[in-house]
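What follows is a set of notes on a single structure, which appears directly below.
The values are calculated or read from the model by the stated rules, or taken from the named source; none is laboratory data. This structure is a prediction, so every number in the text was calculated from the model and none was measured. With ideal geometry, Cβ positions are generated from the backbone for all residues, glycine too; neighbour counts draw on all protein chains shown.
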Amino acid sequence: MRNKVSIGEYLAFLSIKHEIDPDKLFYALISAWENQKSTCGNLSIKCRKKTRDTAVFLLTKGPKVIAQFPIPKNFLLEKTNPIRTFRKTDLLCRYLVKKAERRQHPLHIRDLRRGMKQISLKAKVLEIPKPKLVFTRLCNCATVTNALIADKTGTIKLCLWNEQISSVSEGDIVQIENAHASIFRGEQQLRIGKNGKLSVIEDAEFPHKIGVIKY
């Protein structure tokens, strides 16, 4: 990343990656520039070389080298912290979004609450009751059933319509995308919206020996 961006954006990236306040990082670099060494959180900073216009810094975390890079002298003499400004660039904003996504824990059935949207999870199909013929609000004829699905944390009904019913079988491991949780006749259930997706997958890590789980 450092070869593609400015030193300010690279330092902003380091502050985000290692969860360091940008002000603390900036002043720790100045301290190392003036005193040869400093610390910032769990990082150690050493000024390894100085020239007329540049200083070379080494960042370590315990015995591990994190980074080594040159910083122009005029960057260190800035009156306001330039690292904080660079944290707002599009590249760093995209990195923050991806980092937040990686931190999200996979949803399980026990985590579901009424009103939750954009739900994605894996589950095993335990039962598919015989579909019923119904008429929708638009007076169209459709088939519907509430399949019982489970993971290691619990069970829930999954509302299946028309082609969805024939696309899965009992015992399948399914990946559900963009569903929402609701309550119907006192029971919590999952519904897959127009933009949702239901697919059968093979997942060797998924616990296949799942029976009906009682709360």
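Quick notes on this structure:
- Ser199 fulfils the conditions (1) more than 23 Å from the chain's Cα centre (by Cα); (2) without any contact (Cβ under 8 Å) to a residue 40 or more places away in the chain except for a single criterion, (1).
- Some residue of segment 24-38 being among the acidic types (Asp, Glu) and at pLDDT 90 or above: yes
- For segment 39-58, the set of residues classified as in a strand (DSSP E or B) and either outside the structural domain of Lys17 (by TED's automatic domain parsing) or closer than 15 Å to Ser15 by Cβ (or both) consists of Thr39, Cys40, Leu43, Ile45, Phe57, listed by residue number.
- For beta carbons closer than 8 Å, sequence separation of 6+ or different chains, a first residue in segment 34-60 that is in contact (Cβ under 8 Å) with a residue 40 or more places away in the chain and a second that is assigned to a helix (DSSP H, G or I), the qualifying pairs are Leu59/Leu14.
- Residue within segment 79-88 that is out of contact with any Pro (no Cβ under 7 Å at 6 or more places or on another chain), at pLDDT 85 or above and surrounded by 14 or more Cβ atoms within 10 Å (Cβ to Cβ) present: yes
- Close pairs from segment 71-95: first over 16 Å from Ser31 (Cα atoms) and in a helix (DSSP H, G or I), partner of a type in the set (D, E, K, R) and at pLDDT 75 or above, Cβ under 6 Å, at least 6 apart: Phe86/Glu9
- Some residue of segment 103-121 being modelled with pLDDT of 70 or more, of a type in the set (Gly, Ala, Ser) and assigned to a strand (DSSP E or B): yes
- Residue match in segment 42-57 (condition: under 21 Å from Val5 (Cα atoms), surrounded by fewer than 14 Cβ atoms within 10 Å (Cβ to Cβ) and more than 35 Å from the chain's Cα centre (by Cα)): yes
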